[in-house]
Structures are given as C-alpha cells and as structure tokens.
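Asks: Sharing a structure, written as structure tokens. Questions coming.
The values are calculated or read from the model by the stated rules, or taken from the named source; none is laboratory data. Source: prediction; values computed, not measured. Don't worry about glycine lacking a Cβ; one is built from the backbone with ideal geometry, like all the others, and counts go over all protein chains shown. Heavy atoms of the whole protein, side chains included, go into the accessibility calculation; ligands, DNA and RNA do not. Shrake-Rupley method; radii C 1.70, N 1.55, O 1.52, S 1.80 Å.
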Amino acid sequence: MQVIKVFLSLVVLSSCAWSAPYVDVVNSCRNGVPAAKEIGLTRLDGGAFVLKPNSGCEYQYQIPFGGRNYGYSTCNDQQYLIVSDRFFLSSQAINHSIDKNVSPGYPFAAGSTRFYSVLKGKESYICVTAPAYESGKGAAYATFYLIKHEPNLATPEVDFYFLDEIK
C-alpha cells in the first residue's frame, strides 16, 4: 500500500513539474526535512496573531520573512493566505491533491499550522503545513501550500498539496 502511495505521489508530482515547484522542494515541505543536499529548510518562528485584524477579518496570523509578512486569516467567512503583505484567497491555489475531497480553502488550525522557508539554488518558497481537517480522522493527515517567495510578483504563485487518501 505504501508503494502505491509513493508511486501516485510521484506521478502527480511529475505531471505538475512543469509549472510547480521541484519535486525535492515539495517533498521537503511535506516531510519537514530537506529531501536533498541542495535544499535549505528552516522553520519560521516569531509569528503572532494581529491585535487589530484588517476590516472584516478575524484570526489574522502573521509571520515576518524577507522583509514581508506571510500568514493566514479568515475574512468574511473565507480563508486567506497572507503573501508578501497581500491577501490571497487560499481556495484559488493550484490544486495538486490526490484526493479530490481535500481541496484548498479549508480553515487553518491555529495550534498546528507551521511555516518553513525552503531554498533551492536561487528559488525560494514559503511552506505552510496544516491538518487536512480540524477534527476527526482527517486531522491526522497533512496538507500544505507552497508559496513562491518573490515579493514583487503581481499575482502570487501558490500551490496546494494533499498527497494522501483519507480512508
């Protein structure tokens, strides 16, 4: 069964490789450890909930990186990622999920959402990992977003991954 999951993960990752992050970047984010020698992976600390969230928002969490803020927030009952100080509707991330029942846009779990910096050569990403669901058996499975760290991009490049299947 594990071999099948690995094979499916590789098929999905290789089919997305043209526009998505490198496979070793994806695997580093997924596993929380560098997948190759040339990968730099650092957990980002120092984030906090904002005392006065933006209008219409609540639970606005921000973490500084590279002179900009990243994070998440709930605004008007929608889930947003904060990407280079701008709000990005998380449901608009490019979906690379194997299980189509799990898609981007679910609420972020405050106690278990983690942020990492992932570097490969000149490429830089922010990795955001979170449980697939806040409770139940889905809480044991991880989802993750990979955000290309280019602060001056007009439209952020955000990829969403769920590489398991909830049984």
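Asks: Would you mind stating whether Y59 is closer than 20 Å to S84 by Cα and among the aromatic types (F, W, Y)? I'd like the intermediate steps shown before the answer.
Replies: Values: closer than 20 Å to S84 by Cα: yes; among the aromatic types (F, W, Y): yes.
In short, yes.
Asks: Within segment 62-98, restricting attention to residues that are closer than 16 Å to F162 by Cα and in contact with a Leu (Cβ under 9 Å, 6 or more places away or on another chain), which residue is most open to solvent (accessible area, probe 1.4 Å)?
Replies: Kept after step one, since they are closer than 16 Å to F162 by Cα, are these residues of segment 62-98: 90-98.
Right, trim to in contact with a Leu (Cβ under 9 Å, 6 or more places away or on another chain) and you get 90, 93, 96-98.
Working: S90: 0, A93: 9, H96: 13, S97: 5, I98: 46 Å².
Restricting to residues being closer than 16 Å to F162 by Cα and in contact with a Leu (Cβ under 9 Å, 6 or more places away or on another chain), the top hit is I98.
Yes or no, residue by residue, for (1) closer than 23 Å to R43 by Cα; (2) hydroxyl-bearing (S, T, Y); (3) touching a residue at least 12 places away in the same chain (Cβ under 8 Å):
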{"site": "Y59", "(1), (2), (3)": "yes, yes, yes"}
{"site": "S73", "(1), (2), (3)": "yes, yes, yes"}
{"site": "F87", "(1), (2), (3)": "yes, no, yes"}
{"site": "S90", "(1), (2), (3)": "yes, yes, yes"}
{"site": "K100", "(1), (2), (3)": "no, no, no"}
{"site": "P107", "(1), (2), (3)": "yes, no, yes"}
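Asks: If you don't mind, another one. What's the total number of residues in segment 1-44 that are loosely packed, with under 12 Cβ neighbours inside 10 Å, more than 20 Å from K120 (Cα to Cα) and either at pLDDT 50 or above or among the hydrophobic types (A, V, I, L, M, F, W, C) (or both)?
Replies: Number of matching residues: 6.
Asks: Next up: Report yes if G56 is more than 19 Å from Y145 (Cα to Cα) and open to solvent by 50 Å² or more (accessible area, probe 1.4 Å), otherwise no.
Replies: The answer is no for G56.
Asks: Another question, then. Of the residues S112, S90, which is at pLDDT 95 or above, touching a Pro at 6+ places or on another chain (Cβ under 7 Å) and over 17 Å from V23 (Cα atoms)? Give the steps one after another, and end with the answer.
Replies: Working: S112 fails: at pLDDT 95 or above.
After applying the criteria, what remains is S90.
Asks: Which ones in segment 117-128 are touching a residue at least 24 places away in the same chain (Cβ under 8 Å) and either surrounded by fewer than 19 Cβ atoms within 10 Å (Cβ to Cβ) or more than 15 Å from the chain's Cα centre (by Cα) (or both)? Step through it out loud before you land on a result.
Replies: From segment 117-128, those touching a residue at least 24 places away in the same chain (Cβ under 8 Å) are 117-121, 123-128; that's our starting set.
Listed by number, the residues that qualify are S117, L119, K120, G121, E123, S124.
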